[in-house]
Every structure is written in C-alpha cells, then in structure tokens.
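Notes follow the structure.
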Amino acid sequence: MIDFHADYRMTIDGADAPGEGSFEAFNPATEEVIAQVPQAGRAQLDAAVAAARRAFPAWSALPVAERQAAVSRIGDAIEAHAEDFMRLLTREQGKARAGAEWEIGGSVIWCREIAKQDLPVHVAEDSGDRRVETRRVPLGVVGAITPWNFPVLLAIWKIAPALVAGNTVVVKPSPFTPLCTLKLGELLRGVLPPGVVNVISGGNDLGAWLTGHPDVRKISFTGSTATGRKVMESASGNLKRITLELGGNDPAIVLPDVDVEATARELFWASFQNSAQFCVAAKRVYVHDSIYDRFAGALVDYAATVKVGDGAEQGTDLGPIQNRMQFEKLKDLLADANAQGLRFLAGGAVSEGPGFFVPIAIVDNPPEDSRVVREEAFGPVLPLLRYSDLDDVIARANDTDYGLAASVWSRDIDAAQGIARRIEAGTVWINEIHSFSPHVAFGGHKQSGIGIENALDGLAEYTNAQTIVTNRGATPA
C-alpha cells in the first residue's frame, strides 16, 4: 500500500531513491510544514537519466499498442487512488475540492485518450518500384519540468504522449508542489518497466542540470516566460527539442449584446478559477462602454458569493496562493495599484496570515500602461476595462508580448469570429472558455511558448521525422 501522507521518495530505475539532502513542503493554507522532500543532487540526476537511457531501447521497440495500453493503465492507477491524490493535492497546492476533482479526473481522461493516439506513416510516393514514406521515431530521454499550479495534470500532459511515442522520461516537479508527483512515480513502479518514468525532486539548480544534460534529447517545460528563456538557452547545448508552455496575459472581449449577468458569472470563473493561478485565466476583461457599469456590478455581486479559504474546508470555492514567493509578488502588485490611486471595485488589500490568502480584487478601468494591465498577475487581481471601438479594443488586446489564449463573448457569432481571427493568440474561445481536450492542439504565440501540447501535433513533438526511400528496381553499382 502507498502511504500518500508520509515517506516521500524519488523513483529512479523503478525503485526508491533518497536524495543528497531534503527540503520542506508547506501547506499554503496554514503555512505548516507537511513533509520533508528529498533533494536530488547531480548524482541522482545522472542516475535517473542513465536509467531512462537504459530503458529506452526496449520501451521504444515495443509495439505501439503495448505502449498505449500501458499509458491507459496509468489512468486506471490514478483513478484507483483518486481520493488520495485529491486530498494530497489540496494539502500541497491549496486548491478547493472541485478544483482537485477537475485536475485528477482530467489526468485519468488524458491518459486514456492519449493512449488512443498514434502517428500514421505518411506515404509520399508508391509507384511500383519506388516508395517514399515518412514515419515518426522517438527521441530518447525526455525531461519533463512541471509547474505548481496543476502539478498532476500537467505532468500527465507530458508523460502520456512521451511514452506513447516511445520515449522514456525523467520528471522534475516544482519544488513548491513535489508530493503528488513523487507519489505518482511510486505508483507507476507497478505499471511500467523500471526506468521508463523516473521522478526526481529539487530546486532551480536541478532544473538547470536537467535542461543542460547531454543525454536528454528533449525538454518539455511549463512555467513562466522568464524561466522558459533560460530553459531554451540551456537546452541549446546539444540542440535538444523543446516544448515551452509559458505565461499569458489573456484578454476577454465582451460585446454589448451579451446576457450581462450570465456572462459576468462565466467570466468570474474564467478569471479566478484556481485562484487565478492559471496560465490561460482571463487576465484583462474588456467590456463595451454601454454595458460596463451593469457588468461590473454583476461581477462584484457574484464575487461576494464566493468563499475564499482553506481548500480542505467544506464550502470553500477558492484556495490560497500556492507559495510565499507568488504571494509577495501579488502584495507588491496591489501596493503599486493603490499607490497609483487605482480604484478597486472589490478587494485591494491583503491581511497577513496564517496562509497565503489574497481576497478577490477587481480594478475599475485602470490605464493600459498600469502594472495590473501589463503584467501577468497569476493571482486574483483582475483589471476591468472599458472600450467603445472594436478596432481599438483588438489593438489593445494584442498589445502584449504574450499570445497564449483569449475569449470573445457575443450573441453575434459572425462578429465574434471576425474578432477572434484578429486576436494574436494560440487559442481563442467564443462564448466559452477553458475547454481543453487531449485531441485539440494547444500552444502559445509570441512569448507564450514554442510548440504544441495535445492532439497529434502534440504527440509529434515527442518524435523526429524519418523518411525512408526504397527503390526496388535499381541495381546497386
């Protein structure tokens, strides 16, 4: 039996692996230490990569149907321990029960659906004696570096396609949320051959060592744009393949013909789900001037019905900020907004602990050059902005280095589609938001990332193309 509340160990080559030292994991709702976490050094990293390298030939040689079946069994194993994962996820990440159910349930679905995917051979020519075909071949050892906002689901987004494609994996979770991932590694010892998935824990140094390791062929990273630049630089040493899913400052554009109250509710959760610790949260909401006041009032009224608190307590809707570093960044952002004299429709102040709690903050029509508009808050601070001209609001929406996602809200579908096509973002939702699928490509434009996750495009990211040209009629000289 796996004890989800104690004895956190790394998994290297299918077995327990201690670290060179340890660090503490905290419950962000109470600031209490909940675990001692193994700290990997270079020796453990080298051992994990070596184990993945040894496992690669046999794993990649398996028929794809066998690899698919194994990935589906990962979903079964997570589902069998769903309650344990959800409770531990709330303890280490802070999210409320509904958010934990969404993440763990999504992890199960992703395993089962990615397990149905395969990359067909493309035949460019088949003309009697001559055949030209391109097939997809695995890369080797993949380094997966995962964030603290969705630590289980975003690990599965990397593990599942990497394994189906025939690669082996070394996973490094965020040092802020390592516990569920360590237990996932322990669980997979009974599902996968030794060395196919290895899980190691540590801080920023470990991430840099992994991205620079000469035997790692690809890095898949989810995190901030600033760190993504460092990952890209470090991975360049041996021209590793990279997938970078980075930050966003996602606009939402609300046209004047919407149902104001219903759209306000939708956009509340679009903005504040997971306490707004979400790369694709609606982070700038542009509302037509003719409905701005009604919309603002409906948003504030709805916010007043939402409970912020310890995710482990019944009735909690939104939990704390996950870590002190992010908590301090949000405090600084709010202090700047107050110093600039910005008007808050809700929130705007933070009380000191225990727990990293930031009340829902809604800022009334701040200037476009203010920090609350220009920066990705990654916490519950939302600027609400007026507009009257469509060309102007589209230009404002696009005036950012980011391009991850956006949304448009209108009863006029043709008008909404016209706006969506002009938005510089990898995903634009119309009259919905945050609908993801293992079969729908997801990736950012501009400085929101490189590469694709999910769908066959995402699966292909874990492969190289190999073209084989056969001439049966030619006689070798």
Inset, instruction - Answer rounded, prolate or oblate for the stretch 18-102, using the Cα gyration tensor with square roots of eigenvalues a ≥ b ≥ c: rounded when a/c is under 1.5, else prolate when a/b is larger than b/c, else oblate. - result: oblate
Inset, instruction - Provide the net charge surrounding F295, with neighbours chosen by a C-beta distance below 12 Å and charges set as Lys +1, Arg +1, Asp -1, Glu -1. - result: -4
Legend entry - 0 to 90° range, to nearest 10: angle between helix 225-235 axis and the chain longest Cα axis: 20
Inset, instruction - Could you let me know the centre-to-centre spacing of the stretch 7-58 and the stretch 158-198, using Cα atoms, in angstrom? - result: 11
Legend entry - Exposure proxy order (Cβ contacts within 10 Å, fewest to most) of M86, M325, M1, M10: M1, M325, M86, M10
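Nearest 500 deg cm²/dmol is fine: what mean residue ellipticity at 222 nm does the chain get from its DSSP H runs of n ≥ 4 alone, each adding -39,500 (n - 2.57), divided by its residue count? List each step's numbers first, then the result.
Details: 15 runs with 177 residues, N = 477.
So the calculated ellipticity at 222 nm is -11500 deg cm²/dmol.
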Inset, instruction - Once you've got the Cα coordinates, tell me which of K116/K307; K95/K116; K158/K446 are over 28 Å apart. - result: K116/K307; K95/K116
Legend entry - Residues whose placed amide H lies under 5 Å from that of Q39, excluding near-sequence neighbours: G19, E20, G21, S22, F23
Legend entry - Mean Cβ count within 10 Å, highest first, over the residues of peptides 139-149, 312-322, 120-130, 461-471: 139-149, 312-322, 461-471, 120-130
Legend entry - Size of charge dipole - the chain - debye, nearest 20, with Cβ of Lys, Arg +1 and Asp, Glu -1, no other charges: 1480
Inset, instruction - Report, to the nearest 10°, how far helix 42-61 tilts away from the longest principal axis of the Cα atoms in the chain, using its own Cα long axis and a range of 0 to 90°. - result: 60
Inset, instruction - With everything on Cα atoms, drop me the angle between helix 292-303 and the longest principal axis of the chain, reported from 0 to 90° to the nearest 10. - result: 70
Inset, instruction - Rank-order 297-304, 57-64 by packing density, defined as the average count of other C-beta atoms within 10 Å over each peptide's residues, highest first. - result: 297-304, 57-64
Legend entry - Alpha carbon Rg of the chain, scaled by the compact-globule rule 2.2 N^0.38 Å: 1.02
Inset, instruction - Quick one: check the C-alpha center-to-center distance for the stretch 411-477 versus the stretch 250-321, whole angstrom. - result: 29
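No lab work stands behind these numbers, since they all come straight from the coordinates. Small disclaimer: the values here were computed from a predicted structure and weren't measured. Because the Cβ atoms are built from the backbone with ideal geometry, glycine has one as well, and the counts that use them run over all protein chains shown.
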